[in-house]
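**Q** One structure is given below, represented as structure tokens, and several questions about it will come after.
Every number here is computed from the coordinates shown, using simple stated rules; none is lab data. These numbers were taken from a predicted model, which means no experiment stands behind them. With ideal geometry, Cβ positions are generated from the backbone for all residues, glycine too; neighbour counts draw on all protein chains shown.
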Amino acid sequence: MKRLNSQLQEDGCPLELILLIRTLLAGCKEISFRVSQGELAGVLGSTLSDNVQGERQKKLDVISNQILKDILSESGYVKALSSEEEDTVVGCNPDGKYLVSIDPLDGSSNIDINSLIGTIFSIQHAPQWMEPDDPQAFLQPGTQMVAAGYVLYGPSTVLVLTTGRGTHGYTLDKTHGGFLLTRPNIRVPEQTQEFAINASNQRHWEKPMQDYIADLLAGKDGPRGKDFNMRWIAAMVGDIHRILSRGGLFTYPFDYREPNKPGKLRLLYEANPMAFLMEQAGGEASTGTQRIMEILPTEIHQRVPVIMGSKEEVAMCLEYHNREAN
Ligand code: AFP
């Protein structure tokens, strides 16, 4: 089986980017080890602090953030780092060529129940003009990413990565510690009968999403003329992994609860990297009105509505949004 290094070289990645990705993954392997130790390593449960989003941090959120922050800032490849768990950007090496954005531990509510969790990341070039702690440099559209991926800490530890030449899946071989290419060129089926949404928020959705989901639930007897199945892992990393594996539609839609936070998911740490992976695998990713990767961010912790997955199903969902707009 091909090793990660060979695939990255074949994809024409510059050496420094390869070294950065390998450094980041060294951190993820450490997180994977801590996750697998669970209660034995005392990593379950909450801290007494909240992150900048006002969410109570789990011990593993803090540990994972620290592992990645240490390894990336010491690597020399990174000029600055932005993290879901940090209030502001973390300046690293003024001569570093890259900016890295991370959700160190996605799916925090799954930690204590031994269910799916993961690390999500994306990498951009660092503009030469930037000071290492200038958040402005992170406010580039997702189309500027040079790499994005996630590591899923499941029954096996899996890496899904794109550098803009397709989306490839790797499995961590714990016998020698390397990621081996187990799913080259992932393609998302264009059609699906499966969707993922937190239905308990239904009363807060906009009309187009209300109408779209109602038609899915109506199944064979409704306008779609077929039955749909629903899945919700409560960790985007798990839901997206399923969709990259067998198709589906994932949404955390616009929500009226907090108009200044249109949706729950973060553009830099969740929506953009997953949109890049999805598009490179033949899927689509939109807010309902705009391609996610074209959004010009206004702040590093910005939240956006997310609709992504199988191409034809995303297009169908967007039709409901277009109808409403016209
Ligand atoms: P964390 O980033 O705090 O772990 O939250 C996970 C998440 O942002 C995303 O991965 C899930 O899809 C979503 O939240 C789950 O949200 P619900 O709590 O509404 O199920």
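**Q** Quick one: Karplus J couplings for the stretch 311-326, per residue in order, coefficients 6.51, -1.76, 1.60, θ = phi - 60°, nearest Hz, x for Gly and Pro?
**A** Using θ = phi - 60°, the values come out as 3, 5, 6, 5, 4, 5, 5, 5, 4, 4, 5, 5, 3, 5, 6, 8 Hz.
**Q** In the P(r) worked out for the chain, what percent of Cα pairs fall beyond 24 Å?
**A** 52
**Q** Please give the FRET efficiency for HIS204 paired with THR289, using the beta carbon to beta carbon distance and R0 = 25 Å, rounded to the nearest 0.05.
**A** The computed FRET efficiency comes out at 0.90.
**Q** Assuming 0.36 nm per residue, please report the length gained on full extension of the stretch GLN9 to ARG165 beyond their Cα-Cα distance.
**A** That pair, GLN9 and ARG165, stretches by 55.0 nm at full extension.
**Q** Something else now. Let me spell out the model: positive unit charges on the Cβ of Lys and Arg, negative unit charges on the Cβ of Asp and Glu, origin at the Cα centre of the stretch 194-325. What dipole size does that give, in debye rounded to 20?
**A** Dipole of the stretch 194-325, to the nearest 20 debye: 260 debye.
**Q** Quick one, what does Rg over Rh come out to for the stretch 127-262 if you take C-alpha atoms and the Kirkwood Rh?
**A** Taking Rh as the inverse mean 1/r over Cα pairs, Rg/Rh reads 1.05.
**Q** Something else about it: Please state the relative contact order of the chain as a whole percent: Cα pairs under 8 Å, 6+ residues apart?
**A** Rounded, it is 16 percent for the chain.
**Q** Between HIS125 and ALA315, take the C-beta separation as r, use R0 = 35 Å, and let me know the FRET efficiency to the nearest 0.05.
**A** With R0 = 35 Å, the Cβ-Cβ based efficiency is 0.65.
**Q** Can you tell me the length gained on complete extension of the stretch THR143 to LEU296, counting 0.36 nm per residue apart and subtracting the Cα distance?
**A** Contour length minus Cα-Cα distance gives 54.1 nm.
**Q** At 7 Å along Cα-to-Cβ for each site, give me the label-to-label distance between ALA214 and MET230 in nm.
**A** 1.5
**Q** Mind checking the log10 I(q)/I(0) for the stretch 194-325 at q = 0.17, 0.19 Å⁻¹? Debye, one equal scatterer per Cα, no solvent, two decimals.
**A** Values returned for q = 0.17, 0.19 Å⁻¹ are -0.86, -1.10.
**Q** If I model a spin label as a point 7 Å beyond the Cα along the Cα-Cβ vector, how far apart are those points for GLU30 and ARG56 in nm?
**A** For GLU30 paired with ARG56, the spin-label model returns 2.8 nm.
**Q** Tell me the label-point distance for the pair GLN191, LEU19, using the 7 Å Cα-to-Cβ offset, in nm and rounded to one decimal.
**A** 5.0
**Q** I would also like to ask the following. Roughly how compact is the stretch 1-68, stated as its Cα Rg over 2.2 N^0.38 Å to two decimals?
**A** 1.47
**Q** Would you please give the FRET efficiency between THR88 and ASP221, computed as 1/(1 + (r/R0)^6) with r the Cβ-Cβ distance and R0 = 56 Å, to the nearest 0.05?
**A** E between THR88 and ASP221, to the nearest 0.05, is 0.60.
**Q** Can you tell me the equivalent ellipsoid semi-axes for the stretch 258-314? Use √(5λ) from the Cα gyration tensor, largest first, whole Å.
**A** Output for the stretch 258-314: semi-axes of 19, 12, 8 Å.
**Q** Please state, rounded to one decimal and in Å, the Kirkwood hydrodynamic radius that the stretch 4-183 gives when every pair of distinct Cα atoms enters the mean of 1/r.
**A** This gives a value of 16.6 Å.
**Q** Arrange the following residues from fewest to most other Cβ atoms within 10 Å of their Cβ: ILE186, ILE240, ILE117.
**A** By the 10 Å Cβ count, ascending, the order reads ILE186, ILE117, ILE240.
**Q** Here is a follow-up. Along the charge dipole of the chain, pointing to its positive end and built from +1/-1 on Cβ of Lys, Arg, Asp and Glu, which listed residue (ALA275, TYR170, MET316) has its Cα farthest out?
**A** Comparing the listed Cα positions along the dipole, TYR170 ranks first.
**Q** Enumerate by residue number the trypsin sites (Lys or Arg not before Pro) in the stretch 2-72 meeting two conditions: DSSP loop (anything except H, G, I, E, B), and at most 14 other Cβ atoms within 10 Å of the site's Cβ.
**A** LYS2
**Q** Scan the chain and hand back the longest stretch that contains none of the chymotrypsin sites (Phe, Trp or Tyr not before Pro) lying in DSSP loops with at most 11 other Cβ atoms within 10 Å.
**A** Counting at most 11 other Cβ atoms within 10 Å as exposed, the longest clean stretch of the chain is 1-128.
**Q** Please get the size of the charge dipole for the chain, origin at its Cα centre, with Cβ charges of +1 on Lys and Arg and -1 on Asp and Glu, quoted in debye to the nearest 20.
**A** Using only the charged Cβ atoms, the result is roughly 840 debye.
**Q** So, one more: Enumerate the calculated ³J(HN,Hα) couplings along the stretch 114-122 in order (Karplus 6.51 cos²θ - 1.76 cosθ + 1.60, θ = phi - 60°), each rounded to whole Hz, writing x wherever the residue is Gly or Pro.
**A** 6, 10, 4, 9, x, 10, 10, 8, 9
**Q** A follow-up question, please. Name the residue farthest towards the positive end of the dipole of the chain from the options ILE233, PRO189, THR298, assuming +1 on Cβ of Lys and Arg, -1 on Cβ of Asp and Glu, about the Cα centre.
**A** PRO189
**Q** Still on this model: So what are the ³J(HN,Hα) numbers for the stretch 49-63, from phi and the Karplus equation (6.51, -1.76, 1.60; θ = phi - 60°), rounded to whole Hz, Gly and Pro as x?
**A** Ordered by residue, 3J(HN,Hα) equals 10, 9, 8, 5, 7, x, 9, 5, 7, 7, 4, 5, 4, 5, 4 Hz.
**Q** Under the 0.36 nm per residue contour assumption, what length would be gained going from the current alpha-carbon distance of SER46 and ILE113 to full extension?
**A** 22.8 nm
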